[in-house]
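Asker: Sharing a structure below in structure tokens format, with a few things to ask.
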Amino acid sequence: MKIHFIAIGGSAMHNLALALNQKGYQITGSDDIIYEPSKSRLEKVGLCPPDFGWFPDKITTDIDAVILGMHAKPDNPELAKAKELGLKIYSYPEFIFEQSKYKTRVVIGGSHGKTTITSMILHVLHYHDREVDYMVGAQLEGFDTMVKLTEENDFIVLEGDEYLSSPIDRRPKFHLYQPNIALLSGIAWDHINVFPTFENYVEQFKIFVDSIVEGGSITYNEEDAEVVNVVEASENQIRKIPYNTPEFTVADGVTYLETPEGEMPIEVFGRHNLNNLAGAKWICQHMGVDEDDFFEAISSFKGASKRLDKLAENGNSVIYKDFAHAPSKVGATLTAVREQYPTRKVIACLELHTYSSLNATFLKEYRNTLDNADVAVVFFSPEAVKIKQLEEVSAAQIEEAFNRKDLIVFTNPEEFQTYLFNLNLNNTALLLMSSGNYGGLNFEKVKELI
């Protein structure tokens, strides 16, 4: 098959391109800009466009399918040419479903935890040499790509993102997968640029649960009231299997999981990660991995990429970087660090970087999320607020939103970096939370703080 990617450089899109290339498909693509590491990874296999931009002449009648990425605009000239020629146009999730419609589809959904749970499942299966197809939103240790598609594998494990499918398909991605086996980890309002009310956001998860094929199953976090409401209200003829956080203890900075064979030390920590682990265990059991084999494998799981990534550590200090940006993720990640290091000073630095987090109305969702920090710092760029065409946000508004009078707020990247590099980190856990880079922070230099 000959496949053309419009916006091939995206994190998900370039991984799909690599997977299809590995499968033997003929791949072409375009993009107006491609960042690292996508650029190098595409160049390595000869898939990086020689010139950046949109070229309608690339769209020809011998193309079997066009895959349209979210980065493209609805008026993209290549898209217009594909429509004119009557070519088959897929969104990313539509094409994933097309490739997996004869497989058992395992879909992990939720506002938070889905990348970690999917990563845990794939780690366990990989540990026991069980081959499956997959699509996950983070680069995993031991895996070459974030997407794998074959003809022969019976299962495909999919991270079920609730964001939009494409510029011309406004359905959430996870509505298109029709899972046989599904998991729902949590519901906390996000993506307010697309889902302007909490009710509208929750509705997407109701549709997800109802999209599970008849006779399938939903494994769900019974500690999340909204999840319970959504699952129990569904009239879909499926099995409903609840899970909750297993028993664990923390001693000397190590988390021990209670198992039928006794306490077992694990690499990940935090109540939310232990909750994720419980959900992953159920899914692995549905896929034929028994409990003992799951525990044996999960003990070596070090965490998903960008999730509580340990940058540096010495005898009494540690620095973590985490992708957390939504309120529920910020609160859970900070609580995990506090529980893991109860006797250390915890300094939490959060960058407000996304559209939702910089929205003056949405800011109140962050109330008390930084309470577990001894020192709480928030960085945001007024320039980013302007670029996103949002109302101006003041430092006073930020302080009020977090409900913390001693909150330290920075809007200048140089001032934030001066503050950071002059910290005394003796007996401290420093947590840097952001989906951005604090206006150009050198994280290699951060490692040298301890």
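Since every read-out is calculated from the coordinates, none of them should be taken as a lab result. This is a predicted model, so every value here is computed, not measured. Every residue, glycine as well, gets a Cβ built from its backbone with ideal geometry; the counts of neighbours run over all protein chains shown.
Asker: Can you order the peptides 413-424, 24-35, 86-97 by their average number of other Cβ atoms within 10 Å per residue, highest first?
Answerer: 86-97, 24-35, 413-424
Asker: Could you compute the net charge surrounding ILE59? Neighbours are other residues with a C-beta less than 15 Å from the C-beta of ILE59; K and R count +1, D and E count -1.
Answerer: For residues surrounding ILE59, the net value is -2.
Asker: May I pose another question? Size of segment 95-298 along its principal axes in angstrom, Cα-based, largest extent first?
Answerer: 50, 39, 31
Asker: Sticking with this structure for a sec: How far is the Cα center of segment 39-71 from the Cα center of segment 336-384, in Å?
Answerer: 39 Å
Asker: Mind jotting down the distance between the C-alpha centroids of segment 192-261 and segment 74-132, whole Å?
Answerer: Value for the Cα centre distance between the two parts: 21 Å.
Asker: Then there is this: Please report the Cα spread of segment 2-87 along all three principal axes, rounded to whole Å, starting with the longest.
Answerer: If we take the Cα atoms of segment 2-87, the spans are 33, 25, 20 Å.
Asker: If you don't mind, there's one more thing I want to ask. What distance in nm separates the simple spin-label points at GLU84 and PHE55, each placed 7 Å from Cα in the Cβ direction?
Answerer: Going from the GLU84 label point to the PHE55 one covers 1.7 nm.
Asker: Around GLU78, with a cut-off of 12 angstrom between Cβ atoms, what is the net charge of the other residues, counting Lys and Arg +1 and Asp and Glu -1?
Answerer: -1
Asker: Could you give the length gained on full extension between GLU258 and GLU36, defined as 0.36 nm per residue of separation minus the Cα-Cα distance, in nm?
Answerer: 75.8 nm
Asker: Okay, moving on. Points 7 angstrom from Cα along the Cβ direction at ARG171 and ASN153: gap in nanometres?
Answerer: With each label point 7 Å from Cα toward Cβ, the separation is 2.4 nm.
Asker: Quick one: Cα convex hull volume of segment 353-394, Å³ per residue?
Answerer: In segment 353-394, the Cα hull volume divided by residue count equals 71 Å³.
Asker: Excluding same-chain residues fewer than 8 positions from LYS81, which aspartates and glutamates have a Cα within less than 18 Å of its Cα?
Answerer: Once the sequence-local aspartates and glutamates are set aside, what remains near LYS81 is ASP31, ASP32, ASP57, ASP62, ASP64, ASP169.
Asker: Here's something else I'd like to know. Quick one: net charge of GLY440's neighbours, Cβ under 14 Å, K/R +1, D/E -1?
Answerer: Taking every other residue near GLY440 into account, the sum is -4.
Asker: Any idea how far the Cα center of segment 406-449 sits from the one of segment 134-165, in Å?
Answerer: 33 Å
Asker: With the cut-off at 1.5 for a/c, could you classify segment 295-335 from its C-alpha gyration tensor as rounded, prolate or oblate?
Answerer: Since a/c reaches 1.5 but b/c is at least a/b, the shape of segment 295-335 is classed as oblate.
Asker: Stokes-Einstein D for segment 309-449 at 25 °C, 0.890 mPa s, Kirkwood Rh over Cα pairs, in µm²/s?
Answerer: In µm²/s, the coefficient is 163.
Asker: Something else about it: Taking 0.36 nm per intervening residue step and subtracting the Cα-Cα distance, what contour gain separates GLN22 from ASN403 on full extension?
Answerer: Contour length minus Cα-Cα distance gives 132.1 nm.
Asker: Shifting gears a bit: Give LYS148/LYS173; LYS114/LYS306; LYS388/LYS445 a once-over and call out the pairs whose C-alpha atoms are over 24 Å from each other.
Answerer: Going by Cα-Cα distance, LYS388/LYS445 fall outside the 24 Å limit.
Asker: For a quick check: with amide H placed at 1.01 Å from N, whose amide H comes under 5 Å from TYR320's, ignoring anything fewer than 5 positions away on the same chain?
Answerer: Amide H neighbours of TYR320, under 5 Å, 5+ apart: LEU311, LEU430, LEU431, LEU432.
Asker: Listed highest first by mean packing, meaning other Cβ atoms within 10 Å per residue, what order do 207-214, 261-268, 110-117 come in?
Answerer: In decreasing order of mean packing, 207-214, 261-268, 110-117 become 110-117, 207-214, 261-268.
Asker: Next question, about the same structure. In whole Hz and in residue order, list the ³J(HN,Hα) couplings for segment 422-431 that follow from phi through the Karplus curve 6.51 cos²θ - 1.76 cosθ + 1.60, θ = phi - 60°; x for Gly and Pro.
Answerer: Values per residue, Gly and Pro as x: 10, 6, 8, 9, 5, 6, 9, 10, 9, 10 Hz.
Asker: Still on this structure: Would you please give the FRET efficiency between TYR355 and ALA225, computed as 1/(1 + (r/R0)^6) with r the Cβ-Cβ distance and R0 = 35 Å, to the nearest 0.05?
Answerer: According to the calculation, E is roughly 0.85.
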